[in-house]
Amino acid sequence: MATETVNTGVRQGALRVAGGVGVVLLAQEIVQTLTYVFSTLTMQPGFTSFETLRFTLVSFVWALFFYIVPLIVGVFVAMRWIVPIDVSLTVAAVLVRSVIAGALGSGVLFMVSLLANFFRNGPVFNGALFGGSFPDMRVGGADIVNFFGNAMGQSLIALTFVIPLVALAAILQWVWLDRLRRRE
């Protein structure tokens, strides 16, 4: 019975860790968005509220689906199947696993950002993509380097933000599992 409860806690731990990271990133994005709206409306009276709200809404949705969600998915997949947190681990092992989970989340963000850059900037393509398989979609060599550089920069910046969050959430999950085991 006690082992079954701890195993259930280990399985649910990935969701807790990824959810905790997601809540913090979402709160950060909300505060950043509200700060932008407030500063724009007060400091630049030439902007109409509709223009500001439209731009802000598009930016928020973009950040949600092309920044926060890929990070959460990568952290969840890592914590659930690749490097799960267990009671028997040491603190150092939990920290190493959290770094691996953060790196995987950043890797998923890189892939999503690269694909989003390809398809978001479709009208400016100037060379055949995939040997002309998609004749309406064209991309040149310099654009590919820019897309790759933007995606790499975004994922590396996200890595520096997400590793401390994942480490904190993983340590809290590990402590919670230890208390769960001791209670039984």
Q: Provide the packing ranking of 25-34, 161-170, i.e. peptides ordered by the mean count of other C-beta atoms within 10 Å per residue, highest first.
A: 161-170, 25-34
Q: Compute the length gained on full extension between GLN44 and LEU172: take 0.36 nm times their separation in residues and subtract their Cα-Cα distance, giving the result in nm to one decimal.
A: 41.8 nm
**Q.** Amide N proximity, the stretch 165-180 versus VAL96 label position 7 Å along Cα-to-Cβ, cut-off under 18 Å
**A.** 167-168, 170-171, 174
Q: Pop a pseudo-label 7 angstrom from the Cα along the beta-carbon direction at both VAL58 and LEU156 and give the gap in nm to one decimal.
A: 2.9 nm
Q) Given a Förster distance of 25 angstrom, what is the FRET efficiency for GLN28 paired with ARG179, based on the Cβ-Cβ distance and rounded to 0.05? A) 0.30
Q: Tabulate in residue order the Karplus-calculated ³J(HN,Hα) for the stretch 66-74, using 6.51 cos²θ - 1.76 cosθ + 1.60 with θ = phi - 60°, rounded to whole Hz; enter x for Gly and Pro.
A: 10, 9, 6, 4, x, 4, 5, 4, x
(Q) As an exercise, use a Förster radius of 25 Å and the Cβ-Cβ distance of TYR36 and ILE144 to find the FRET efficiency, rounded to the nearest 0.05. (A) 0.25
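Every number in this text was worked out from the coordinates using simple rules, so none of it is lab data. Keep in mind it's a predicted model, so treat the numbers as computed, not measured. When we count neighbours, we look across all protein chains shown, and the Cβ atoms used for this are built from the backbone with ideal geometry, even at glycine.
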